[in-house]
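K.L.:
For reference, the structure I am asking about is given below.
The values are calculated or read from the model by the stated rules, or taken from the named source; none is laboratory data. Every value quoted in this text rests on a predicted model; they were computed, and no experiment measured them. Backbone-built Cβ (ideal geometry, glycine too); neighbour counts: all protein chains shown.
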Amino acid sequence: MSETPRAANRLAREASPYLRQHMYNPVDWYPWGPEALETAAREQKPILLSVGYAACHWCHVMEKDAFEVESVAELMNRHFVPIKVDREERPDLDSLYQGVVQLMGRGGGWPLTVFLTPDLQPFFGGTYFPPTSGYGLPSFTRVLEALADAWANRRDEVLQSAGSFEEGLARLVRVGLGTGGAPLTGSELARAAERICQEADTRNGGFFGAPKFPHPMELSFLLRMAFAWPAELRSESVDEAKAAIRRSLDKMAEGGIHDQLGGGFHRYSVDEAWAVPHFEKMLYDNALLLRLYAEAAVAFEHSEYDRVALDIAGWMARELTDPSGGLWSSQDADSEGVEGKFFAWTPDQIEEVLGRELASLAAARFGVTATGNFEHGATVLHLAASAQEIAQERNLPVEEVEGKLAEARRRLFDSRKERVAPATDDKVIVAWNGLAIGALAAAGRLLHDDGLVEQARRAADFVLRTLATDDGLKRVYRDGNVKQEAFLDDWAALCEGLVELFETTGENRWLDEARRLGDGIVSRFWDEEQACFFLSPAGGESLRHRIPSIHDNAVPAGGSSAAVALLRLHLLTGHEQAGRVAERYLERQHDELLRSPFAFGHLLGAAFLRAKGLTEVAVLGAPGAARDALLAKARTGVHPEVVAWAAEKGESELLSGRGEVDGKPAAWICRRFTCEAPRTDPEEVTRALGLG
């Protein structure tokens, strides 16, 4: 007899791919919302809060080990109100309740499992719990039985524990807020850069040991100091910063963390040498790395970084773009229930696709061996040898080897398309799209690639058309459904991205939308008395604690993105409140930026802009070679403190009525809301900006 199909639970009504992955679990899941919270209050049951995301490998493991097991589900349903949350939809819940695990002295992560009283006070938590006790962890069944017993028979103890967690969370959510001071000076920024360089891995690139993350924000900050403000660094520090950047970018691009066939980067490496990744691919990681590699391509005049950047953008366009133009969130680590299966190769698989002769070259290039570097003798492709090295070893012309390797890569990529691909989380998140819009716009400008700029335009058009409302902004779109009021990171990353798109295109519609967003950031998320930004808007859904947006982690904190966006808006629009708020936040965070630079990679970029001083260069006049020559000089090198754009005429209060001079396009250089005499000679622009 065939097995009766299991009925879907409430998660079948949700749009989130992560929640829908659990809709056939025997667990009586609720999404977070009034129905779940009212049920817990009415039945006086504790809440079992499970938080994860679609691309999370260990979330899939816990589903298999626990949530699909009838006996475990029965315990959950009988004793708890089970609530499933997609952390990408609700970063506020995830941020708050990760603190429970941290207070217990454990590292946070996903899946996050937290137990709450009906009035949302946490009393126990963890991440992954195994099916049987071991490795210092109790089994999930044991946890459920013990907590159910404690709630039924020792509730006073549970409530006492909950009170202690509440006190701890009240303190924890404010960790990282500074005590005040002046904004950082150039010499203090140099100290922060030197602190970062001290942690550089001088052999493998990157920072710290395994697991190893790319740290694009810290590398971007080092690049700014080394190339845009080297005078503030000691000469040896400039060399150390450049070496740390080059080594990191080279080793990451060569490693298995970089998808050698399809482009884009995986989440992190499980080893120090970037060889074997944790295989999920996230939009936000790749947006930050796209901009970093594009900037490095210009700063170091290195064409390989150009290629890596374009491959990232190509992956985004090919595999993460919604037909309407928005960008999807991520690709899973697993396919066919096996982590990394889609990406790994054995020698036999290589030979089957390429034939013996070409497979031999490809195996040498990508490090494919009989023993492999991954599970079951498979290899995660990495650049083990250059075309020049292979040509020399085999006494072949380099051009011939390069051509054959390009053919091998293409054929392997085409063959891989026939495999079962990892699932794609096809929801559009505003914050991550804002990061991608800014990265695509900047990379298009730096690499002179109009296609990237058009990608940015399409994504911006989609987000504004679909998720911006008359009175605000929504966070998530999927399959025609829009949900969830936006958080600070949505407003701020989108604002930052639109300012970048304005700089690249000179199209005022993007600046107008950014100005609207900037006003909303200040009115909804800034607290003047406390001098900080909050993750959730004033008057939004009430959790037990309102969370300041402080630390830059895998993505920039909303507070950091807000500071960058508001500084640039202040320059371009003269909006005094924007500049004052950004400056006040940087003043508050002075000591924390110096104490913990790895927690504030993006905010250090804002501090750089404030300390170096921003300059606007408006190149006004008819399109053509003369205007292009002026703009090219204003965009020399990597100087994010210089915001150079071109249009036929100025429209801001400062530039209204200004344009060509004597029938020629002119560069109007403006500092501190005063414009210098216009310049029509490109070399004069170079001298005036000190970029020669």
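K.L.:
Would you check if LEU327 is farther than 30 Å from LEU691 by Cα, buried (at least 20 other Cβ atoms within 10 Å of the Cβ) and either touching a helix residue (DSSP H, G or I) at 6+ places or on another chain (Cβ under 6 Å) or among the polar types (S, T, N, Q) (or both)?
P.N.:
Numbers: farther than 30 Å from LEU691 by Cα: yes; buried (at least 20 other Cβ atoms within 10 Å of the Cβ): yes; either touching a helix residue (DSSP H, G or I) at 6+ places or on another chain (Cβ under 6 Å) or among the polar types (S, T, N, Q) (or both): yes.
Answer is yes for this residue.
K.L.:
Being over 30 Å from ASN553 (Cβ atoms), surrounded by 19 or more Cβ atoms within 10 Å (Cβ to Cβ) and not small (Gly, Ala, Ser) is the requirement here; does PRO597 meet it?
P.N.:
Criteria not met by PRO597.
K.L.:
Turning to a different aspect of this structure: Would you check if ASP86 is touching a residue at least 40 places away in the same chain (Cβ under 8 Å), closer than 19 Å to LEU11 by Cβ, buried (at least 20 other Cβ atoms within 10 Å of the Cβ) and of a type in the set (D, E, K, R)?
P.N.:
Yes.
K.L.:
Taking the condition more than 18 Å from ALA423 (Cα to Cα), within 20 Å of the chain's Cα centre (by Cα), surrounded by 24 or more Cβ atoms within 10 Å (Cβ to Cβ) and not β-branched (Val, Ile, Thr), does LEU288 pass?
P.N.:
yes
K.L.:
Return the pair list, or none, for Cβ contacts closer than 6 Å from residues in segment 491-514 that are farther than 17 Å from LEU288 by Cβ to residues that are modelled with pLDDT under 95, at least 6 apart or on different chains.
P.N.:
ASN508/GLU651
K.L.:
Could you tell me which numbered condition LEU604 fails, if it satisfies all but one of (1) touching a helix residue (DSSP H, G or I) at 6+ places or on another chain (Cβ under 8 Å); (2) part of a loop (DSSP other than H, G, I, E, B); (3) not small (Gly, Ala, Ser)?
P.N.:
Among (1) touching a helix residue (DSSP H, G or I) at 6+ places or on another chain (Cβ under 8 Å); (2) part of a loop (DSSP other than H, G, I, E, B); (3) not small (Gly, Ala, Ser), the lone unmet condition for LEU604 is (2).
K.L.:
Sticking with this structure for a sec: Answer yes or no: is there a residue in segment 197-208 that is more than 21 Å from LEU288 (Cβ to Cβ), surrounded by fewer than 24 Cβ atoms within 10 Å (Cβ to Cβ), hydroxyl-bearing (Ser, Thr, Tyr) and in contact (Cβ under 8 Å) with a residue 24 or more places away in the chain.
P.N.:
Within segment 197-208 (the criterion being more than 21 Å from LEU288 (Cβ to Cβ), surrounded by fewer than 24 Cβ atoms within 10 Å (Cβ to Cβ), hydroxyl-bearing (Ser, Thr, Tyr) and in contact (Cβ under 8 Å) with a residue 24 or more places away in the chain), the answer is yes, since at least one residue qualifies.
K.L.:
Out of LEU93, LEU49, I need the residue that is part of a helix (DSSP H, G or I), within 30 Å of GLY558 (Cβ to Cβ), of a type outside the set (Phe, Trp, Tyr) and touching a residue at least 60 places away in the same chain (Cβ under 8 Å). Which one?
P.N.:
Criteria check complete, one pass: LEU93.
K.L.:
Scan segment 60-71 and tell me whether some residue there is within 23 Å of the chain's Cα centre (by Cα), in contact (Cβ under 8 Å) with a residue 40 or more places away in the chain and surrounded by fewer than 17 Cβ atoms within 10 Å (Cβ to Cβ).
P.N.:
Looking for residues that are within 23 Å of the chain's Cα centre (by Cα), in contact (Cβ under 8 Å) with a residue 40 or more places away in the chain and surrounded by fewer than 17 Cβ atoms within 10 Å (Cβ to Cβ), one finds none in segment 60-71, hence no.
K.L.:
Take the residues in segment 96-138 that are surrounded by fewer than 16 Cβ atoms within 10 Å (Cβ to Cβ) and of a type in the set (Ser, Thr, Tyr), then tell me which one is modelled with the lowest pLDDT.
P.N.:
TYR135
K.L.:
Another one. Exactly one of these conditions fails for VAL482: (1) assigned to a loop (DSSP other than H, G, I, E, B); (2) aliphatic (A, V, I, L, M); (3) under 23 Å from the mean Cα position of the chain (by Cα). Give me its number.
P.N.:
(1)
K.L.:
Sticking with this structure for a sec: Where the second residue is outside any helix (DSSP H, G or I) and at pLDDT 90 or above and the first is over 20 Å from GLU35 (Cα atoms) and lies in segment 1-23, which pairs have Cβ atoms under 6 Å and are six or more apart or on separate chains?
P.N.:
Going by the 6 Å Cβ cut-off, the qualifying pairs are ARG6/TYR24; PRO17/ALA54; PRO17/ASP425.
K.L.:
Are any residues in segment 614-669 surrounded by fewer than 20 Cβ atoms within 10 Å (Cβ to Cβ), part of a strand (DSSP E or B) and either among the charged types (D, E, K, R) or free of Cβ contacts under 8 Å to residues at least 12 places away in the same chain (or both), and if so, which ones?
P.N.:
The one that is surrounded by fewer than 20 Cβ atoms within 10 Å (Cβ to Cβ), part of a strand (DSSP E or B) and either among the charged types (D, E, K, R) or free of Cβ contacts under 8 Å to residues at least 12 places away in the same chain (or both): LYS664.
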